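Enquirer: Please find one structure pasted underneath; my questions will follow.
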Amino acid sequence: MIFKKQSVRLLLPAVLLCAAANASTIFNFDGDNLGTSTTFTDTVNGLSATFSSSADPGGFVVYPTMFETLTGNVLGDPGPAFMDNLSLDVSFSQDLAAVTLDFATSDFTTPSPFTITAFENSVYVGAATSSGEFLPGFEFPEGEISFAGGPFNQLVISSTAMDFAVDNINVATAAPEPGTFALFGACLILTGIPAIRRRKAARG
């Protein structure tokens, strides 16, 4: 199929707008100062996430990575409170439909189970459990875990390991925001213009 140059000029912005409308939001702690400890809130793309634990102030802390798949800064325990065996609570300012994150656990032999449990206003929604694996040249097991379902606006992140770290918390919102609707509408309009012009030409 051959496209006219004018059609291509119209379709290219539409493709870019659609891509922006479907972009996910990632919390990676790289914008946080080293030593930042819970409780604190990060905001990315208009979505806020508040990180806390039962040992606050200082249950978890932002520190530079010592891992392979967790890059830049990570969030882990123990923090300044020097407490182990903690769960990390993450509350979001908007309902979510899915989450994926990278994790590492403080194990030297068998990797411990790692769990994310989702809630909607404190009502249980569902959970997922996984275990990491030891990567060549690195001391602790690392892994990735995902949960989809909901909607949910709170996560409780836990492990049977004494301590753990998380990074790259990639979330998808449960419903498009008004800005996303506007982008999607622009996608439809731009992609529909060539077809409308072809119909008018055929009638004329």
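Every read-out reported here was derived from the displayed coordinates using simple, explicitly stated rules and does not represent laboratory data. Predicted model, so just to flag it, every value in this text is computed and none were measured. Cβ: placed from backbone, ideal geometry, glycine included. Neighbour counts: every protein chain shown.
Enquirer: With unit charges on the beta carbon (Lys/Arg positive, Asp/Glu negative), name the residue among ASN73, PHE138, ILE157 whose Cα is farthest towards the positive pole of the charge dipole of segment 57-172.
Expert: The one lying farthest along the dipole's positive direction is ILE157.
Enquirer: Cα extents of segment 40-164 along the three principal axes, largest first, in whole Å?
Expert: 39, 29, 26 Å, listed from the longest principal axis down.
Enquirer: Now, a different point. Rounded to the nearest 0.05, what FRET efficiency is calculated for ASN45 and SER122 with R0 set to 22 Å and r the Cβ-Cβ distance?
Expert: On the way: r = 25 Å, r/R0 = 1.15.
Efficiency computed from Cβ-Cβ geometry: 0.30.
Enquirer: Same structure, new question: Work out how much length SER93 to LEU34 would gain on full extension: take 0.36 nm times their residue separation and subtract the Cα-Cα distance, in nm to one decimal.
Expert: Details: separation 59, 0.36 × 59 = 21.24 nm, distance 2.40 nm.
Length difference between fully extended and current span is 18.8 nm.
Enquirer: If you don't mind, another one. So how much slack lies between LEU135 and THR110, counting 0.36 nm per residue of separation and subtracting their Cα-Cα distance, in nm?
Expert: Working: separation 25, 0.36 × 25 = 9.00 nm, distance 1.29 nm.
So the chain would gain 7.7 nm between LEU135 and THR110.
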